[in-house]
Amino acid sequence: MSRNGIAGEVLGQRAALVERAVDRTYARRPELAQRYGAAGREHCRRDTAFHVDYLVEAVASGAPALFGDYVAWAKAMLAARGIPEGDLALNLECLREALGEVLPPDLAEKLGGAVDAALRDLPGNPEGLDLGIGAHEPHGTLAREYLEALLRADQRAASALVLAAVDAGATVHDVYLHVFQRTQHEIGRLWQANRISVAQEHYCTAATQLVMAQLYPRIFSGDRKGKSLAIACVSGDLHEIGARMVADFFEMAGWDSHYFGASTPAAGVVQFAVEHRPDVVGISATLAPHIGAVADLVRALRAADSEGRTRILVGGRPFNIAPDLWREVGADADAADAASPIAQAESWREG
Ligand code: B12
């Protein structure tokens with residue numbers, strides 16, 4: 001069965017799967033209703049829908065590791081909010097049973113296998129997260145002080161730290177990867193560990209985007225190579241800084257970059273590619289449930305590119321978890337961070 005066939009069949013039954021799994025979870029352990037109150041059932045519904053979205057994408061992509069990673073993430077995230085591993089395990093077991101009731105047997109078996117594997121690994125997944133940026137990490141002290149400034153809502157101090165470091169010789173590349181990216185990932189873990197609010201996360205992200213903009217005079221300069229990259233976050237995905245960094249690294253390497261930002265409709269990316277013929281199109285996805293949209297966009301770009309000249313790069317969190325995922329979505333390559341794709345793209349230029 002094709003990727004879209006699997007996704008279509010399962011997501012068509014999403015509401016039924018969620019309802020049955022939640023009913024079973026509460027029937028099996030009635031004390032949950034008391035423990036989590038009236039809102040608990042709604043939260044359970046939302047979490048179960050998340051389980052289904054990650055599960056179907058992992059199976060449709062032939063990358064069950066994506067679901068294992070998700071369950072490990074969910075364990076730590078829920079534990080930090082007082083929901084023990086046992087409740088997550090029960091909910092997943094009930095989802096496993098619901099698969100058998102709602103889906104055709106071969107599909108239920110496929111998805112069930114991924115749930116079984118994640119359940120087997122669950123006890124070994126850490127409950128707590130190792131937090132903190134070590135001084136031994138590259139630019140670790142700067143990254144830690146930058147994060148501390150953001151967490152005390154002192155954007156000016158954060159900006160001053162970075163500008164002083166760059167004036168003292170730190171490269172923009174290093175600041176991007178070892179300060180901005182490192183702190184953004186840490187902020188995510190702090191949110192996951194329930195140590196900071198969504199509002200704080202938003203503040204830190206917006207402040208970092210502002211500090212990045214202050215570095216632009218150093219980025220948008222230098223000789224041009226006459227090659228171009230267009231890069232977008234796939235429709236539905238709001239995580240825009242990773243794609244922005246990739247665009248800026250290409251700029252710094254002398255390419256012209258066209259960056260579209262968060263959640264870009266596929267039709268617009270295809271139209272841009274047809275009209276402007278960039279040498280490379282980049283697609284970013286941070287959440288595994290958006291991989292199907294990446295595959296659809298790759299297909300649409302290929303269909304519109306009759307000469308077969310555009311190379312397609314993909315990247316983002318799921319591609320770092322599942323190394324062959326870029327092939328599965330039909331791309332030409334992926335890259336783990338903003339620094340890595342430049343050499344690959346340069347070799348395409350020459351080829
Ligand atoms: C900021 C943030 C948000 C912001 C984004 C705002 C914005 N303007 O960008 C908001 C609040 C919108 C958000 C929302 C959500 N988020 Co969020 N978010 C983050 C956070 C903290 C930082 C993202 C970031 O800026 N990273 C910095 C960049 C530089 O790193 P990067 O994305 O890894 O990019 C590098 C590489 O991956 C690669 N790369 C990326 N794209 C591409 C593309 C190409 C072509 C190439 C070659 C390379 C490449 O190169 C980049 C640069 O080196 C992450 C934590 C994390 N681990 O990333 C969580 C995180 C991704 N979010 C998470 C979650 C759960 C969500 C939500 C579902 C719930 C929520 N927290 O509100 C929603 C979903 C929204 C949606 N539909 O997309 C989880 C995902 C967990 C999982 N198992 O999937 C994370 C990991 C947080 C966590 N630890 O729990 N989020």
Sole exception among (1) out of contact with any strand residue (DSSP E or B) (no Cβ under 9 Å at 6 or more places or on another chain); (2) surrounded by fewer than 21 Cβ atoms within 10 Å (Cβ to Cβ); (3) on the phi < 0 side of the Ramachandran plot for Pro318, by number: (2)
Hits in region 151-171 - residues which are closer than 19 Å to Cys204 by Cβ, over 28 Å from the mean Cα position of the chain (by Cα) and among the charged types (D, E, K, R): Arg156
Every residue from region 137-154 that is within 15 Å of Ile187 (Cβ to Cβ), touching a residue at least 24 places away in the same chain (Cβ under 8 Å) and surrounded by fewer than 17 Cβ atoms within 10 Å (Cβ to Cβ): Ala153
Any hit, region 162-178, residues being within 21 Å of Leu150 (Cα to Cα), acidic (Asp, Glu) and out of contact with any Phe, Trp or Tyr (no Cβ under 8 Å at 6 or more places or on another chain): yes
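Can Leu229 be described as assigned to a loop (DSSP other than H, G, I, E, B), closer than 22 Å to Gly282 by Cα and either within 13 Å of the ligand (Cβ to nearest atom) or without any contact (Cβ under 8 Å) to a residue 60 or more places away in the chain (or both)? Steps first, answer last, please.
On the way: assigned to a loop (DSSP other than H, G, I, E, B): no; closer than 22 Å to Gly282 by Cα: yes; either within 13 Å of the ligand (Cβ to nearest atom) or without any contact (Cβ under 8 Å) to a residue 60 or more places away in the chain (or both): yes.
Judged against the criteria, Leu229 is not a match.
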Looking only at region 1-38, and only at residues there that are within 21 Å of Ala293 (Cβ to Cβ) and among the basic types (Lys, Arg), the one that is surrounded by the most Cβ atoms within 10 Å (Cβ to Cβ): Arg3
Pro105 being within 16 Å of the ligand (Cβ to nearest atom) and either among the hydroxyl-bearing types (Ser, Thr, Tyr) or more than 20 Å from Ile241 (Cβ to Cβ) (or both): no
Scan of region 236-292 for residues that are within 7 Å of the ligand (Cβ to nearest atom) and among the acidic types (Asp, Glu), ordered by number: Asp237, Glu240
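Any read-out appearing in this document is the output of simple, stated calculations on the displayed coordinates, not a laboratory observation. Remember, predicted model here, so these are calculated numbers, not experimental data. For neighbour counting, all protein chains shown are included, and Cβ atoms are generated from backbone atoms with ideal geometry for every residue, glycine included.
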